[in-house]
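Peer 1: Before I ask anything, here is the structure I am working with.
The values are calculated or read from the model by the stated rules, or taken from the named source; none is laboratory data. The structure displayed is predicted, hence computed values, not measured ones. When we count neighbours, we look across all protein chains shown, and the Cβ atoms used for this are built from the backbone with ideal geometry, even at glycine. Heads up: the accessible areas ignore ligands, DNA and RNA and are worked out on the full protein's heavy atoms, side chains in. Shrake-Rupley method; radii C 1.70, N 1.55, O 1.52, S 1.80 Å.
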Amino acid sequence: MAASQPPSASSREFERDLVVIGGCGHVGLPLAIAFADRGANVAIYDVSESAVESVNAGKLPFDEPGAAPLFERAVATGRLHASTDPAIVGTAENVVVVIGTPVDEHLNPNQTAIPKALSGCAPFLRDGQMLVLRSTVFPGVTALVEKMIATLGVEIEVAFCPERIAEGKAMTELFELPQIVSARSPRGLGRASALFGRLTDSIVELTPEEAELAKLFTNVWRYIKFAAANQFYMMANDRGLDFERIRTGLTTDYPRAADMPGAGFAAGPCLFKDTMQLAAFNNNNFTLGHTAMTINEGLPLYLVHRLEQKFDLASMTVGILGMAFKGGSDDIRSSLSYKLKRVLEFKADGVLCADPYVKVDENLLPQDEVIARSDLLIIATPHPQYRGLVTDKPVADIWNVLGGGVRV
Ligand SMILES: NC(=O)c1ccc[n+]([C@@H]2O[C@H](COP(=O)([O-])OP(=O)(O)OC[C@H]3O[C@@H](n4cnc5c(N)ncnc54)[C@H](O)[C@@H]3O)[C@@H](O)[C@H]2O)c1
């Protein structure tokens, strides 16, 4: 465990160890479950009535591998309770904020989303609490929140400790990844380290400004790497070459290139929007980030363009397999499968879609029906179920799920 500090006199007055604001979300709920599993008494404050109801009934509102047994135990033992009443924020020593921080339709970040969400809870904030920002924020938001807290007349420490898990791996990564913690005062830093020391021994201390950029750089780095691979893919593919054969060849026993990703849709609720947050932070002077966006967001268009050259799409029904933004997930937020669907609806005679995980889209059809009724199939999400797919229909497989190469 990281060096922990003795509880303050006030901390003994709190009924709970922590409350997670936005704790029914994809990041907040695994975090709440992880702390409860480590013996903490955890509350959730969330504005989604249906999600709060689901959590209190012991039902996960979305899939997260490995979460169910820990979650059910935490709810059954009373260590995890959710509420839509902001008063619950006053019951815990640590207040962790993990609400969503999307960009708007013009790709502008919303710098005031977190202060606004917090203003609804402000009457319940109390002396002795620590406020931990866990959302991915626009740089400077921690300082803005510190300023806002200073006007409330309560003694509260503010920390910024970014979440770095990937959806689908939360229940292992929360205990295995180093936790970046930051706060302005040594005491705040000590408290944040002690809190996240409940999850892991590996604590990395930064200043709030360093930590804000560390989180954005982490996501944007990944997005740019995917874009590089996707551009290499298009270059090779245009010349009739199989990028996957080239990638496998160049990475074989060659550690300096070992992290080159395969081609595929780089989508989801984080990488794109965090690249746009960083671009806005740098006054939109971010050539690499904007280029990465053009490449990654352009891949579905490129794919349809290639298919158009090979097939008479206007007379064909195209089946899309996989609507989630990544393999093994039920999350369709910012999934490029839907962009692919939109473009094909314009070009093809018909488009049918299936996904073995997604439950929130009533237009999806059973996989067997999609395969039977389609003239051409596209694997848009690399779900493991597709590995054994057997069909005599042509399949576009830029992920190499079927192992037959990625040429389209
Ligand atoms: N999804 C990921 O893989 C991931 C990974 C690391 C970091 N992050 C970051 O974590 C943050 C949360 O992302 P997410 O994917 O969990 O979002 P989400 O939309 O799944 O969850 C957000 C939750 O906050 C609730 N909420 C919204 N406004 C609220 C308010 N004013 N008060 C209380 N609750 C409120 C929503 O009802 C929802 O349950 C974002 O900043 C994101 O960038 C996400």
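Peer 1: Would you mind checking the tilt of helix 141-150 against the longest principal axis of the Cα atoms of the chain, expressed as 0 to 90 degrees and rounded to 10?
Peer 2: 20 degrees
Peer 1: Nearest 10 degrees, 0 to 90: what angle lies between the long axis of helix 67-76 and the longest principal axis of the chain (Cα atoms)?
Peer 2: The answer is roughly 30 degrees.
Peer 1: Follow-up. What FRET efficiency do you get for Arg239 and Arg373 if R0 is 41 Å and r is their Cβ-Cβ distance, rounded to the nearest 0.05?
Peer 2: 0.75
Peer 1: Roll a 1.4 angstrom probe over the protein heavy atoms and tell me the percent of accessible area of region 1-124 that is carbon or sulfur.
Peer 2: Roughly 52 percent of what the probe reaches on region 1-124 is carbon or sulfur.
Peer 1: Order of 37-45, 291-299 by packing, highest average Cβ count within 10 Å first?
Peer 2: Those peptides, ordered most packed to least, come out 37-45, 291-299.
Peer 1: Find the Cα radius of gyration of the chain, compare it with 2.2 N^0.38 Å by division, and give the number to two decimals.
Peer 2: 1.07
Peer 1: While we're on this one: Take the alpha-carbon centre of region 215-286, take the same for region 76-104, and report the distance between them in whole Å.
Peer 2: If we compute the Cα centre of each part, the gap is 35 Å.
Peer 1: Keeping every protein chain present and rolling a 1.4 Å probe, give me the accessible area per residue for the chain in Å².
Peer 2: That works out to 44 Å² for each residue.
Peer 1: Answer with one residue from Val55, Tyr357, Gly404: the one whose Cα lies farthest towards the positive end of the charge dipole of the chain, charges on Cβ with Lys, Arg +1 and Asp, Glu -1.
Peer 2: Working it through, the farthest residue towards the positive pole turns out to be Gly404.
Peer 1: Could you check which residue among Ala229, Ala183, Ala372 shows the biggest mean-square fluctuation in a GNM of the chain with a 10 Å Cα cutoff?
Peer 2: Sorting by GNM fluctuation, first place goes to Ala372.
Peer 1: Among Ala257, Ala150, Ala227, which one shows the biggest mean-square fluctuation in a GNM of the chain, springs joining Cα atoms closer than 10 Å?
Peer 2: Comparing Ala257, Ala150, Ala227 in the GNM, the peak value goes to Ala257.
Peer 1: Any chance you could give the angle, 0 to 90 degrees and rounded to 10, that helix 186-196 forms with the longest Cα principal axis of the chain?
Peer 2: 60 degrees
Peer 1: 222 nm [θ] for the chain, helices only, -39500 (n - 2.57) per DSSP H run of 4+, per residue, to 500?
Peer 2: Helix contribution divided over all residues of the chain: -12000 deg cm²/dmol.
Peer 1: Still on this structure: With contacts defined as alpha carbon pairs under 8 Å and 6 or more residues apart, what's the relative contact order of the chain in percent?
Peer 2: 12 percent
Peer 1: Count the net charge of all other residues whose Cβ sits under 10 Å from the Cβ of Leu174, scoring Lys and Arg as +1 and Asp and Glu as -1.
Peer 2: Result for the local shell: -1.
Peer 1: Ignoring ligands, DNA and RNA, what percent of the accessible area of region 198-268 is carbon or sulfur (1.4 Å)?
Peer 2: In region 198-268, the share of accessible area belonging to carbon and sulfur is 57 percent.
Peer 1: Please build a GNM for the chain, connecting alpha carbons under 10 Å apart, and tell me which residue among Ser193, Ser337, Ser119 fluctuates the most.
Peer 2: For the chain, modelled as a Gaussian network with Cα springs under 10 Å, the answer is Ser119.
Peer 1: Take the residue pairs Lys116/Lys326; Lys326/Lys347; Lys339/Lys393; Lys116/Lys339 and return only those whose Cα atoms are more than 28 Å apart.
Peer 2: The answer is Lys116/Lys326; Lys116/Lys339.
Peer 1: For region 85-93, just list the computed ³J(HN,Hα) in residue order, Karplus coefficients 6.51, -1.76 and 1.60, θ = phi - 60°, integers in Hz, with x standing in for Gly and Pro.
Peer 2: 3J(HN,Hα) across region 85-93, in whole Hz: 9, x, 4, 5, 4, x, 8, 10, 5.
Peer 1: Give the long-range amide H neighbours of Leu376: residues separated by 5 or more places, or on another chain, with amide H under 5 Å away, using H modelled in the peptide plane at 1.01 Å from N.
Peer 2: For Leu376, whose amide H was placed from the backbone, the distant partners under 5 Å are Thr317, Gly319.
Peer 1: Now for a different question. Which percent of the accessible heavy-atom area of region 277-401 goes to carbon and sulfur, probe 1.4 angstrom?
Peer 2: Looking at region 277-401 in its full context, I get 50 percent from C and S.
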